Protein chains: 2
Amino acid sequence: MRRKSLEKDACPVARSLEAVGDAWSVLIVREAFAGKRRFGEFERSLRVAKNILAVRLRKLVARGVLEQVPASDGSVHQEYMLTEKGRGLYLVLMAIRQWGEGCGGKTESVLIDRRDRKPVKPLAFHAHDGRELGPGGMELVPASDA
Amino acid sequence: MRRKSLEKDACPVARSLEAVGDAWSVLIVREAFAGKRRFGEFERSLRVAKNILAVRLRKLVARGVLEQVPASDGSVHQEYMLTEKGRGLYLVLMAIRQWGEGCGGKTESVLIDRRDRKPVKPLAFHAHDGRELGPGGMELVPASDA
């Protein structure tokens, strides 16, 4: 069964998932952040079948997450680069990462601040005055009430 | 083609996606945060086919995101509730939401601080001393170096 498109859904979570709502797409974006640009690079690092990769890349381009550009070395290859919209997924990837770390399993890398080389604080919500907020301290309300 | 399991992958992004790596699973979690508990409630609010919903719920339970509990009204129904691990997905959902909002489209709800009813700050990384950090200010390094 084909799912109805979520592209015009009122909920921003649903709209986002229309662009990157499956494991492969998110992993392709992760590889793009790690500097991968070519079809063959994605294929090797993800060990994904060509047809699956081709479909996902096409969708990520259609949704404006990646863009196709001529190869940086002047060869005939096409390369895929994150658009500005795509780079906005950094926070999503890091939130997924943080959740994965919190669920146990070994952690092989740490996110650090380039300036002082210290680990960054865990991602959290803050009130306008800087107080840290947990899920229980927040509420989603209609935009007209805020 | 069946994808290799990512459950034991070294990368916490990949491990997380094994639990909630598709649009339906994330939307089920969104509905659970909104208070939905029963099969029929998820089915109606997501307009999803019974077989798809059943598979996703089973997977979310197997991965420890949801747990099955007897119905709160004492009826024979089973209910699905977020586990502690599942509630940890709040930040992931909100990061996805924030990305969706940044990509345009109308926003019908706003996340506010319950205490002062003001919108919360956009989610962002902070250094140990409180400086806000963009993607360019951070780096993933091997855990042994940090």
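The values are calculated or read from the model by the stated rules, or taken from the named source; none is laboratory data. Small disclaimer: the values here were computed from a predicted structure and weren't measured. We place every Cβ from the backbone using ideal geometry, glycine too, and count neighbours over all the protein chains shown.
Here are a few things to note about the model shown:
- Residue within segment A:20-27 that is under 23 Å from A:Leu140 (Cβ atoms) and surrounded by 13 or more Cβ atoms within 10 Å (Cβ to Cβ) present: yes
Results for (1) in contact (Cβ under 8 Å) with a residue 24 or more places away in the chain; (2) more than 17 Å from B:Gly137 (Cα to Cα); (3) among the small types (Gly, Ala, Ser), shown as yes or no for each residue.
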site	(1), (2), (3)
A:Gly100	no, yes, yes
A:Thr107	no, yes, no
A:Leu111	no, no, no
A:His126	no, yes, no
A:Gly130	no, yes, yes
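- Hey, B:Val69 in a strand (DSSP E or B), facing chain A (nearest Cβ under 7 Å) and under 21 Å from the mean Cα position of the chain (by Cα) or not: no
- The combined condition, being at the interface with chain A (Cβ under 10 Å from one of its Cβ atoms), farther than 22 Å from A:Val20 by Cα and not hydrophobic (A, V, I, L, M, F, W, C), is fulfilled by B:Pro142.
- Qualifying residue in segment B:33-45 (condition: of a type outside the set (A, V, I, L, M), facing chain A (nearest Cβ under 7 Å) and assigned to a helix (DSSP H, G or I)): no
So that you can scan it fast, the table gives a plain yes or no per residue for (1) surrounded by 20 or more Cβ atoms within 10 Å (Cβ to Cβ); (2) assigned to a strand (DSSP E or B):
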position: B:Met94; (1), (2): yes, no
position: B:Trp99; (1), (2): yes, no
position: B:Thr107; (1), (2): no, no
position: B:Arg115; (1), (2): no, no
position: B:Pro122; (1), (2): no, no
position: B:Phe125; (1), (2): yes, yes
position: B:His128; (1), (2): no, no
position: B:Ser144; (1), (2): no, no
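- Test: residue in segment A:120-129 that is more than 7 Å from chain B (Cβ to nearest Cβ), closer than 24 Å to B:Ala10 by Cβ and under 18 Å from the mean Cα position of the chain (by Cα): yes
- Any hit, segment A:57-65, residues being at the interface with chain B (Cβ under 10 Å from one of its Cβ atoms) and part of a helix (DSSP H, G or I): no
- Odd one out for B:Val69 among (1) modelled with pLDDT of 90 or more; (2) surrounded by fewer than 19 Cβ atoms within 10 Å (Cβ to Cβ); (3) within 24 Å of A:Gly137 (Cβ to Cβ); (4) in contact with a strand residue (DSSP E or B) (Cβ under 6 Å, 6 or more places away or on another chain): (3)
- Residues that are farther than 25 Å from B:Gly102 by Cα, surrounded by 19 or more Cβ atoms within 10 Å (Cβ to Cβ) and in contact (Cβ under 8 Å) with a residue 24 or more places away in the chain, drawn from segment A:37-65: A:Phe42, A:Val48
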